[in-house]
1. Report, by residue number, each residue of region 101-149 that is farther than 15 Å from Trp49 by Cα and among the hydrophobic types (A, V, I, L, M, F, W, C).
2. For region 112-125, check the following and say yes or no: at least one residue is within 18 Å of Ala63 (Cα to Cα), in contact with a helix residue (DSSP H, G or I) (Cβ under 6 Å, 6 or more places away or on another chain) and part of a loop (DSSP other than H, G, I, E, B).
3. Are there any pairs, at least 6 apart or on different chains, whose C-beta atoms fall under 6 Å, with the first in region 148-168 and within 16 Å of Thr112 (Cβ to Cβ) and the second modelled with pLDDT under 95 and outside any strand (DSSP E or B), and if so, which?
4. Out of everything in region 51-71 that is out of contact with any strand residue (DSSP E or B) (no Cβ under 9 Å at 6 or more places or on another chain) and over 14 Å from Asn119 (Cβ atoms), what residue ends up being surrounded by the most Cβ atoms within 10 Å (Cβ to Cβ)?
5. Which of the residues belonging to region 155-168 are more than 16 Å from the chain's Cα centre (by Cα), more than 15 Å from Tyr128 (Cβ to Cβ) and not acidic (Asp, Glu)?
6. Anything in region 91-105 that is loosely packed, with under 12 Cβ neighbours inside 10 Å and either within 25 Å of Asn41 (Cα to Cα) or within 14 Å of the chain's Cα centre (by Cα) (or both)? List them, or say none.
7. Can you say whether Phe172 is in contact (Cβ under 8 Å) with a residue 60 or more places away in the chain and touching a Cys at 6+ places or on another chain (Cβ under 8 Å), as far as the supplied structure shows?
8. Checking the conditions here, which among Lys65, Lys56 is free of Cβ contacts under 8 Å to residues at least 60 places away in the same chain and over 25 Å from Asn34 (Cβ atoms)?
Amino acid sequence: MKRLLTLSILCLLGTGFGFTDAAAKDKQVTISYNVQRIRINGSNQIAVWIENDSAKLIRTLYASKFTAEGGFRKRPLSLNEWTRKADFENAKPKEVDAISGATQKAGPVTLTWDGKDKNGKAVAKGKYIICMQGNIQDARMMFAKSEITVGGNKQEVKATITFQPEDAAKEFGAVFDSVVVKYE
């Protein structure tokens, strides 16, 4: 009985903190980027989230407060890809509070993912996609994506940034740039 209890406690400890792979337990993912403020309505909204290799949302790390607290109802284009994936129309207030924040100030920003899903459970080792969406102005949007493998060696990956439409940043610039994802 004592042996079974000890084994049960060790199993709980091994899966309760970060990634489920023992080698990855003390590692984390950091997402660093530079924010540029755009001084027009319908801009400066940013969301950062993690997806698995099947494009299923695992966890949101940050979303601008306006959109997360229901601004997407007033402006349906505000972080529309993130709101669709996150199903934020049905989010509980506690979930909104956990990920939302004031519009980020211009300058460098670093977010950290501890390897847990939105329910606080450690994720399995494997490939994950770090996603970002930013509203430049209304329908002018930008996206960043970066694939990283957790549970293995240290990695540093520069995210691919795309614009919708392609010339979205031409008039007002980009909301963010220089997105770097590290697993260490």
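The values are calculated or read from the model by the stated rules, or taken from the named source; none is laboratory data. Only a predicted model underlies this, so the values are computations on that prediction, with no experimental measurement involved. Cβ sites come from the backbone with ideal geometry, for glycine too, and all protein chains shown count toward neighbours.
1. Those that are farther than 15 Å from Trp49 by Cα and among the hydrophobic types (A, V, I, L, M, F, W, C): Ala102, Ala106, Ala122, Ala124, Ile136, Ala139, Met141.
2. Within region 112-125, none of the residues are within 18 Å of Ala63 (Cα to Cα), in contact with a helix residue (DSSP H, G or I) (Cβ under 6 Å, 6 or more places away or on another chain) and part of a loop (DSSP other than H, G, I, E, B).
3. Val150/Phe19; Val150/Ala24; Val150/Lys125; Lys154/Glu184
4. My answer is Gly70.
5. Residues satisfying the conditions are Thr162, Phe163, Gln164, Pro165, Ala168.
6. Matches in region 91-105: Ala102, Lys105.
7. no
8. Of Lys65, Lys56, the one residue that is free of Cβ contacts under 8 Å to residues at least 60 places away in the same chain and over 25 Å from Asn34 (Cβ atoms) is Lys56.
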